[in-house]
1. If you check every pair at least six apart or on different chains, which have Cβ atoms under 8 Å apart with a residue in the stretch 170-187 that is more than 20 Å from ASP84 (Cβ to Cβ) first and a residue that is in a strand (DSSP E or B) second?
2. Here's a check for you: in the stretch 181-204, which residue that is touching a helix residue (DSSP H, G or I) at 6+ places or on another chain (Cβ under 6 Å) and open to solvent by 40 Å² or more (accessible area, probe 1.4 Å) is farthest from GLY162 (Cα to Cα)?
3. Only residues that are out of contact with any helix residue (DSSP H, G or I) (no Cβ under 8 Å at 6 or more places or on another chain), surrounded by fewer than 16 Cβ atoms within 10 Å (Cβ to Cβ) and either touching a residue at least 24 places away in the same chain (Cβ under 8 Å) or not in a helix (DSSP H, G or I) (or both): list them for the stretch 18-29, please.
4. For THR160, state whether it is closer than 19 Å to GLY133 by Cα and either modelled with pLDDT under 95 or touching a Ser or Thr at 6+ places or on another chain (Cβ under 7 Å) (or both).
5. What are the pairs, 6+ residues apart or on separate chains, where a residue within the stretch 138-167 that is of a type in the set (Lys, Arg) has its Cβ under 6 Å from a residue that is surrounded by 21 or more Cβ atoms within 10 Å (Cβ to Cβ)?
6. How about the stretch 171-189: which of its residues are out of contact with any Asp or Glu (no Cβ under 8 Å at 6 or more places or on another chain) and part of a strand (DSSP E or B)?
7. Which of (1) farther than 24 Å from GLY133 by Cβ; (2) part of a helix (DSSP H, G or I); (3) at pLDDT 95 or above does LEU71 not meet, given it meets every other one?
Amino acid sequence: MTDFAAARQAMVDCQVRPSDVTRYAIIEAMLWAPRELFVPKARRDVAYAGAEIGIAPGRALLEPRTLAKMLEAAHIGPHDLVLDLAPGTGYSTAVIARMAEMVVAVEPDPALAETAQSVLAQLEIDNAVVSPGDPAAGDRAHGPYDVIFINGAVEKLPETLGAQLKEGGRLVALFRSAGVGQCRMITRANSTLSGRYLFDADTPLLAQFAAESEFAF
């Protein structure tokens, strides 16, 4: 039987810390969150492996190293309102909820959204909610947001998401161009959006953010 607590510690010590992830809030959240509950039962023995884990056709949980580096860039604080897009089974939502004041998550697959909400309830996480919907539309009703986090590759970013960032807000996602994936951060300052490169990484493309979307960075 897998010792998940030991596997979780090893994930943080061998994958997260060596990747220049230093913020205590991220380390603590990833040590706490039981990743094994967010993967299919048949794959729980590899829940903490240094790789993406498929959760549905064309969908995967980000590998721990990539998730942690994206969170480091997002610089989520305890008073932040976060929009978590396409979280799948909700692992990212659980981790972010440990760091932020509130998390609003939008998942396009109704079955995954139901699973995510069920596991969050099981863990008694009361500052996060997962709803089925179109992640490219975001969630205007609860915004604007300090941070928008996208769990999948993006070819083009809809204008509506930039409009849901607060002044000083950050959007972090894996952008794909010509088959190459890069993590970039989009910031809103003086009502203007600007982007910068962070590191190379890739993950399955989210259909809602394919090239026919509206606005590119």
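The values are calculated or read from the model by the stated rules, or taken from the named source; none is laboratory data. This is a predicted model, so every value here is computed, not measured. Heads up, the Cβs are rebuilt from the backbone with ideal geometry, glycines too, and the neighbour counts pull from every protein chain shown. All accessible areas refer to the heavy atoms of the entire protein, side chains included, with ligands and DNA or RNA removed. Shrake-Rupley method; radii C 1.70, N 1.55, O 1.52, S 1.80 Å.
1. VAL180/ASP200; GLN182/LEU174; GLN182/PHE175; GLN182/ARG176; GLN182/TYR197; GLN182/LEU198; GLN182/PHE199; GLN182/ASP200
2. In this case the residue turns out to be LEU198.
3. GLU28
4. yes
5. Within 6 Å, the pairs are LYS166/ASP146.
6. Within the stretch 171-189, LEU171, VAL172, ALA173, ARG184, MET185, ILE186, THR187 meet the criteria.
7. (1)
Matching residues to (1) touching a residue at least 40 places away in the same chain (Cβ under 8 Å); (2) more than 17 Å from the chain's Cα centre (by Cα); (3) open to solvent by less than 10 Å² (accessible area, probe 1.4 Å):
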site: ALA10; (1), (2), (3): no, yes, no
site: LEU31; (1), (2), (3): no, no, no
site: LYS41; (1), (2), (3): no, yes, no
site: ARG59; (1), (2), (3): yes, no, no
site: ASP84; (1), (2), (3): yes, no, yes
site: VAL95; (1), (2), (3): yes, no, yes
site: GLU101; (1), (2), (3): no, no, no
site: ASP109; (1), (2), (3): yes, no, no
